[in-house]
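Before any comments, here is the structure.
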Amino acid sequence: MNISILYGVEGADKATGIAVVIDIYRAATTATYALSEGASYIIPVLEKEHAFAIKKDNPDVLLMGEVRGEIIEGFDFGNSPSQMIHNSVKGKVIVQRTSEGTQGLLHAVHADEVIFGSFPTLTAIKTYIHKKHPDTVTIIALGGPDTEDEFFAQTLADHLSHKPISHDTICTHLLTHPRSARFFDPTVTWSPEEDAHLAVMIDRFDFFCLLERKHTPARLVKRKA
């Protein structure tokens, strides 16, 4: 199994084999918790205008996402996993637009399969990939080098190579990472502390988020390992 780590949307453009797209703060984690709370599926889009167009045709859908971290005016939710567990999304279709996460998902057009990677689904992702035993796994850290996304990418690569990192080490590293500081800054109201803790609940779920592209538009769904 050839495992490579690429960065940003440009990396997603080059991804082949099974692609794991990573945006743990917060798009992938938010999508994971939305599905765990019973959302039917999630439609990732590139731009807010597409989200509004979908809602115009389907008024019952919910919109979640951000521009520059903050909730988009007219959306139901921001890019926040804690909002998913404190509001009812059961049975709902959600449209998600984010600055990095949904961009990476939809740019990975050359990959055979696309997974949205988060720590609450780490082992489920690893187990699924081991079962599929692909020739190529491309892990895309959307945040770039030296970010929490690269740390997930390296952690997943190590797990796939049978060199797992302890959960305590993962949590300590993430919660003390410079890019986590905003969650502990009370002036950054759109990035609550609870979101950071939800993001580091390693292996909380026995499923992962898979992008099903047989539908138009493509949708994120729960997939058991």
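The values are calculated or read from the model by the stated rules, or taken from the named source; none is laboratory data. No experiment lies behind these values; they were computed from the predicted model shown. Virtual Cβ from ideal backbone geometry, glycine too; neighbours counted across all protein chains shown.
Looking across segment 138-177, the residues that are over 21 Å from A27 (Cα atoms) and either surrounded by 13 or more Cβ atoms within 10 Å (Cβ to Cβ) or within 20 Å of the chain's Cα centre (by Cα) (or both) come down to D158, H159, L160, P164, I165, H167.
Report yes if V114 is assigned to a strand (DSSP E or B) and either of a type outside the set (S, T, Y) or farther than 25 Å from A34 by Cβ (or both), otherwise no. Yes: the conditions hold for V114. Of the residues making up segment 197-213, not a single one is at pLDDT below 95 and touching a Ser or Thr at 6+ places or on another chain (Cβ under 7 Å).
Just wondering, is there one or more residues in segment 88-105 that are hydroxyl-bearing (S, T, Y) and either over 17 Å from the mean Cα position of the chain (by Cα) or farther than 15 Å from D149 by Cβ (or both)? So far as segment 88-105 goes, yes, one or more of its residues are hydroxyl-bearing (S, T, Y) and either over 17 Å from the mean Cα position of the chain (by Cα) or farther than 15 Å from D149 by Cβ (or both). The condition of being at negative phi, part of a helix (DSSP H, G or I) and of a type in the set (S, T, Y) does not hold for T138.
Restricting attention to segment 185-225, the residues that are touching an Asp or Glu at 6+ places or on another chain (Cβ under 6 Å) and either more than 22 Å from L105 (Cβ to Cβ) or not in a strand (DSSP E or B) (or both) add up to 1.
Look at segment 206-225: where a residue is surrounded by 12 or more Cβ atoms within 10 Å (Cβ to Cβ) and a partner is of a type in the set (F, W, Y) and not in a strand (DSSP E or B), sitting 6+ places away or on another chain with Cβ atoms under 6 Å, you get A225/Y128.
Remark: pairs (first residue in segment 22-41, within 22 Å of L6 (Cα to Cα); second residue of a type in the set (K, R) and assigned to a helix (DSSP H, G or I); Cβ separation under 7 Å; 6+ apart in sequence or on different chains) = Y25/R179. Can you name the residue in segment 92-123 that is small (G, A, S) and crowded, with 23+ Cβ neighbours inside 10 Å and is also farthest from V21 (Cα to Cα) among such residues? Among those that are small (G, A, S) and crowded, with 23+ Cβ neighbours inside 10 Å, it is A111. Of all residue pairs spaced 6 or more apart or on separate chains, those with beta-carbon atoms under 8 Å, a first member in segment 186-197 that is at negative phi and surrounded by fewer than 16 Cβ atoms within 10 Å (Cβ to Cβ) and a second member that is at pLDDT 95 or above and part of a loop (DSSP other than H, G, I, E, B) are W190/G78; W190/S80. Take the conditions (1) touching a residue at least 60 places away in the same chain (Cβ under 8 Å); (2) closer than 23 Å to E37 by Cα; (3) in contact with a strand residue (DSSP E or B) (Cβ under 7 Å, 6 or more places away or on another chain); K92 misses just one of them, which is (1). Out of curiosity, is G69 touching an Asp or Glu at 6+ places or on another chain (Cβ under 7 Å), on the phi > 0 side of the Ramachandran plot and not polar (S, T, N, Q)? Judged against the criteria, G69 is not a match. Of note, V93 does not satisfy the criterion of being β-branched (V, I, T) and either modelled with pLDDT under 95 or out of contact with any Ser or Thr (no Cβ under 7 Å at 6 or more places or on another chain) (or both).
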